[in-house]
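Reviewing the structure listed below.
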Amino acid sequence: MPHRIFLTIFLTAILLIIGCKNKKQQAVYQSARPVHEMGIISTSSSPNAKLHDVPISAVTLGDGFWQPRLQANKDRSIPELLRLLEEHGVVDNFRRLSGRRNVERRGYLFTDSDLFKWMEAAALVLQSGDDPQLKAKLDSVIDDVLAAQGKDGYLNTYHQGERANERFTKFKSNHELYCLGHLIQAGIAYYCGSGERRLLDGAIKYADYVISLFGPDKRQCFPGHPEIEMALVELYRTTGDRKYLDFADYLLNHVQLDKIEEKMTASDFQYLFSGLPFTSRKELKSHAVRAMYACCGATDLYMETGNPAVWETLQTLWKDMSQYKIYVTGGVGSRYQGEAFGNKYELPNERAYTETCAAIGNIMWNWRLLNVTGDERYTEIMERALYNGFLSGVSLTGDRYFYRNPLTSFGDNERQPWYNCTCCPPNVERTLAKIPGYIYSTSPEGLWVHLYHSNELNWHLDDGQKIRVKQVTKYPWENKVEITLNPKTKKEFSLFLRIPEWTPGASVSLNGEELKDKPVNPGSYFEIRRKWKRKDVVVVEFEMPVRAVFSNPRLGEDLGSVALQRGPVVYCLESPDFPNTSVFDVALPLDPENPQKGFTTQFQPDLLGGIVVLRKNALAYEIPMTDQPLYRYAPFKRPTRSVELKAIPYYAWANRGVSKMEVWVPWVKE
Ligand SMILES: [Zn+2]
């Protein structure tokens, strides 16, 4: 009998402990938004954000351009990258600290961030729908990561164990705060995807430890590689705890350089895009990914604080990029040396560095600027980078990656499954997983549509009115988008439709009647304000001709050449499509008065995952240019041999083996 009482008490106690633990896991943070309401960035309470996020979980993608890519991301890219991270010891680096593996630490000092980015990607995928197998894998990795965390909260596999005395001594190169930033982002994504707090609690413990050591009246630190700034602002949005926002502000604007213990030069701070006050920056002149991440953090900071000096700097830097330093593919960071932004108009094609991570940073930054303003010019750059300079970073099979994305290749570029510095692959994976969250926003006025893709939205307006939206389209291959709105009750609000800058013209109809009372201007959002009812149908049709893009004459390398674009997709010529001619010997006859004349387009479902191919009669040199002299005292003869020009989307190149490729094609007067 006493045994039975003891057993009952024991079992009750166990159940109570489990119950408490579960309760703790389910609980939300103080002042935080409901977990299911959080988007890629959670801007709905940000006082200086015009647009508010729609969570990934509210959008179900239908068939179309991105859906097979997201499927490949989930089925192939994410499992395969974890296998490679395991193979290269990146997970074992954590297990060795907890005694689960007796191995040497392997890899660069920032490999933790690669695993954290993988974890964020997996957690973002879980926001799109349950996947018990992926969840189990992620949970197991989380166990290994958290088991390595020090009692004080510190967590960085390179600086634990035998190198513990080097902790927080080399901010220029040690990437500790950078890795922490990625840990925070993974923790938030996992919290949103599962409702479970443990990874985020681990990240918070580490962040609190850092904040206890450094700050305005304490020892000074700087990130070395920006990233933590945007993570801290998101942590503030997630927890409601202002100290994270204040620390982000400290890192961006208030580090006391004279008190930094490490030997640093002014050019170090310039290149690292940290340390110096963000508001002192006048141009993008530094490591490109660092600059993009710092700009993301500063835009997040602005959304919460409204500091006008931060906004002014963001505008100056955005102008520097968009007017002088961005490729037609949306890639940025042209210079090999230092993986850096070059000078104005320094945009070489074959030597383009254009790291995939820099294109991703550009997407993340422009998404934030769009959230502040609702201005289409930011969506334009985001979309350009998404369909081109970002997407070229991954193979159609989803398991090969480019680190660099050149615009000309002489046949020496091949995507690789693994890089020792493997920052880009998990960054690609988390970006693909975010795409459903980039399609819509809300504002007090109504609903915004930024990207076009078949999908179903199940969400609510800012005032809580429930709404379902169905989008049907074959964009970007076809020019028509049909949007059916289903508000729960009849309701007045605005629908903002993005009219891209690349279209010469567009029309919008409502329930079968074209809206003609105001112009539909490319490069803007077209607002329809009315009392919406169930089954209202809006159809947008874009003119989608093949467009020849001419470059500013200051861009010497592209002088006399054009890039081809249709919709948001930039094209290239690739050697498998030119069996008897070098792609570099082809010239495109164009009528300068009507450069879009004479192209034909055809959707080829079996080619490169299904693409629209562009064709036009073109010319090639009778004698290959490689057999002609380097210089001569008269102009080279005009090409006369007839060839068919066939162009494929730039993102799809290098999927048919090693090839030669160019984006900018010389043109001659027709
Ligand atoms: Zn990278």
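Of 36, 88, the sequence from fewest to most neighbouring Cβ atoms within 10 angstrom is 36, 88.
Secondary-structure-derived ellipticity at 222 nm for the chain, considering helices only, amounts to -10500 deg cm²/dmol, per-run term -39500 (n - 2.57) for DSSP H runs with n ≥ 4.
Each residue of segment 516-531 was assigned a 3J(HN,Hα) from its phi angle through the Karplus curve 6.51 cos²θ - 1.76 cosθ + 1.60 (θ = phi - 60°); the sequence is 10, 6, 8, x, 9, 8, x, x, 8, 9, 8, 9, 10, 10, 6, 8 Hz, with glycine and proline shown as x.
Computed packing ranks the peptides 507-520, 285-298 as 285-298, 507-520, most packed first, by mean other Cβ atoms within 10 Å.
Scalar couplings 3J(HN,Hα) for segment 485-494, obtained by applying the Karplus form with A = 6.51, B = -1.76, C = 1.60 to θ = phi - 60°, are 9, 9, x, 4, 10, 4, 7, 8, 6, 9 Hz; x denotes Gly and Pro. Taking amide H positions as modeled 1.01 Å from N, with prolines and chain starts lacking one, the residues under 5 Å from residue 394 and 5 or more places away or on another chain are 402. Cross-link pairs exceeding 23 Å in C-alpha to C-alpha distance, out of 117/470; 646/669; 319/474, comprise 117/470; 319/474. Multiplying the residue separation of residue 257 and residue 410 by 0.36 nm and subtracting their alpha-carbon distance yields 50.6 nm. In terms of packing, defined here as the mean over residues of other Cβ atoms within 10 angstrom, the peptides 475-486, 432-443 line up highest first as 432-443, 475-486. In sequence order, segment 42-48 has phi-based couplings of 9, 9, 5, 10, 7, x, 10 Hz under the Karplus curve 6.51 cos²θ - 1.76 cosθ + 1.60, θ = phi - 60°, and Gly or Pro positions carry x.
For the chain, give me the percentage of DSSP beta bridges that are antiparallel, rounded to the nearest 5 percent. In the chain, approximately 90 percent of DSSP beta bridges are antiparallel ones. In this structure, the amide hydrogen of residue 453, modeled 1.01 Å from its nitrogen in the peptide plane, lies closer than 5 angstrom to no residue at least 5 positions away or on a different chain. Cβ-Cβ distance of residue 623 and residue 264, R₀ of 56 Å, FRET efficiency by 1/(1 + (r/R0)^6): the value works out to about 0.50.
About its Cα centre, the chain has a charge dipole of approximately 880 debye under the convention of +1 per Lys or Arg Cβ and -1 per Asp or Glu Cβ, with nothing else charged. Counting only the Cα atoms, the chain fills a convex hull of 184 Å³ per residue. Bridgeable lysines around residue 172 (alpha carbons under 19 Å apart, same-chain partners fewer than 8 residues away excluded): 218, 259, 263, 285. Neighbour counts of C-beta atoms inside 10 Å place 188, 467 in the sequence 467, 188, starting with the fewest. Considering every alpha-carbon pair of segment 448-542, the percent of pairs per 10 Å bin, from zero through the bin containing the longest distance, is 16, 52, 29, 3. Is the C-alpha gyration tensor of segment 320-447 telling us rounded, prolate or oblate? Criteria: a/c under 1.5 is rounded; beyond that, a/b larger than b/c is prolate, otherwise oblate. Since a/c reaches 1.5 but b/c is at least a/b, the shape of segment 320-447 is classed as oblate. Please report how far the C-alpha centroid of segment 353-415 lies from that of segment 142-189, rounded to the nearest whole angstrom. After rounding, the separation between the Cα centres reads 28 Å.
Within 9 Å, Cβ to Cβ, of residue 219, how many net charges do the neighbouring residues add up to if Lys/Arg are +1 and Asp/Glu are -1?
Numbers: positive: 218, 259; negative: 261.
It works out to a net charge of +1.
Hey, what D do you get for segment 242-365 in µm²/s if you plug the Kirkwood alpha-carbon radius into Stokes-Einstein at 4 °C and 1.567 mPa s? This corresponds to a translational diffusion coefficient of 87 µm²/s.
Only the coordinates and a few stated rules stand behind these numbers; no lab work does. Keep in mind that what you see is a predicted model, and the values were worked out from it rather than measured. Quick reminder, even Gly has a Cβ in these numbers, built from the backbone with ideal geometry, and neighbours come from all protein chains shown.
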